[in-house]
Amino acid sequence: MKRVDNSIMVIRKENLLFKVVKLFWIFLIGSFIGYIIETIVGVVQNGHLVSRQGLLFGPFIQVYGIGLVTYYLVISKIKARNYIKIFLISMLLGGIVEYLFSYFQEKLFGTISWDYSALLFNINGRTSLLHCIYWGTRRSFVY
């Protein structure tokens, strides 16, 4: 009987480790994709290469990684393929992640990576309706 309990415990630990590793890779992939997106946006807006690197060393923008992990954890629980629902939830999640990330980055590191104060419908310059729509649109294409 004791042997069965130990094997179940080992399986649960391996399962947890697998989930953590999977979330780590989702974070890295999302952060790298974010770097590519921001590089393209920077070239289009400025006509030349602009560094929009985040707090991490290397080609990573961590708010995209955290956003993708959040999407994975929440959106993967939705069974129905209702694209409007996915879009609205993604919009809300993206806005919340962006706002919280901006807030904690400023409080913990004293840095500000973006300021949307000049845009209409912004929330303390940390996120805006326009960027929430971008988050929803990006996730809707992936879903």
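Odds and ends about this structure:
- A helix-only calculation puts the chain at -25000 deg cm²/dmol for mean residue ellipticity at 222 nm, using -39500 (n - 2.57) for each DSSP H run of at least four residues, averaged over all residues.
- The mean of 1/r over all distinct Cα pairs in the range 57-100, once inverted, gives the Kirkwood hydrodynamic radius of 11.2 Å.
- Here the extension length gained between Ile96 and Val74 equals 6.6 nm, from 0.36 nm per residue of separation less the Cα-Cα distance.
- Note on the chain: GNM, Cα springs under 10 Å; of Ile78, Ile86, Ile33, the largest mean-square fluctuation is that of Ile78.
- Length gained on full extension, Phe32 to Leu49, computed as 0.36 nm times the residue gap minus the Cα-Cα distance: 4.5 nm.
- For the chain, the longest principal axis of the Cα atoms and the long axis of helix 129-142 meet at an angle of about 50 degrees.
- Cα Rg, Dmax, the chain, angstrom units: 18.3, 69
- Low-density loop cleavage sites - trypsin sites (Lys or Arg not before Pro) in the range 77-106, where at most 10 other Cβ are within 10 Å (DSSP): Lys77, Lys79, Arg81
- Helix 83-109 vs. the chain, principal-axis angle (Cα, 0 to 90°, nearest 10): 80 degrees
Any read-out appearing in this document is the output of simple, stated calculations on the displayed coordinates, not a laboratory observation. Given the structure is predicted, the values throughout are model-derived calculations rather than measurements. Don't worry about glycine lacking a Cβ; one is built from the backbone with ideal geometry, like all the others, and counts go over all protein chains shown.
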